[in-house]
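Please read the structure below before turning to the comments.
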């Protein structure tokens with residue numbers, strides 16, 4: 001489901017969906033709470049609510065920071081893997097110059113076919129999940 005949303009909705013559409021969903025959930029929760037607990041409207045517990053919201057906000061910020069750092073590191077690892085693989089492919093192509101002509105051409109063509117297969121087939125499959 002998440003992959004479908006990411007692949008088929010624009011960034012603006014995802015933002016509207018996420019923000020609208022959170023807003024609708026919060027509004028519905030507020031309305032239901034006020035109906036079930038009418039004493040909440042008086043505001044006698046506002047001090048405690050402020051402290052709790054601050055605490056939850058701090059915890060949420062820490063968790064969000066850890067998630068962002070973990071994802072950033074994952075992207076860095078993927079970039080390093082791709083760079084290493086491209087370097088090795090380039091070394092193979094450079095090393096192919098040492099072989100006689102029919103072998104050299106086949107080797108360069110095979111590396112090119114592999115690179116196209118990775119970029120044109122495997123990466124879209126990875127993106128699709």
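The values are calculated or read from the model by the stated rules, or taken from the named source; none is laboratory data. Keep in mind the model is a prediction, meaning the values are calculated, not measured. Glycine gets a Cβ as well: all are built from the backbone with ideal geometry, and neighbour counts include every protein chain shown.
Would you mind finding the one in 85, 73 that is surrounded by 10 or more Cβ atoms within 10 Å (Cβ to Cβ), under 21 Å from residue 126 (Cβ atoms) and in contact with a helix residue (DSSP H, G or I) (Cβ under 9 Å, 6 or more places away or on another chain)? Give the derivation first.
On the way: 73 fails: in contact with a helix residue (DSSP H, G or I) (Cβ under 9 Å, 6 or more places away or on another chain).
Of 85, 73, the one residue that is surrounded by 10 or more Cβ atoms within 10 Å (Cβ to Cβ), under 21 Å from residue 126 (Cβ atoms) and in contact with a helix residue (DSSP H, G or I) (Cβ under 9 Å, 6 or more places away or on another chain) is 85.
Just so you know, in the stretch 1-40 the residues that are closer than 18 Å to residue 129 by Cα and surrounded by fewer than 10 Cβ atoms within 10 Å (Cβ to Cβ) include one that is modelled with the lowest pLDDT, and it is 1.
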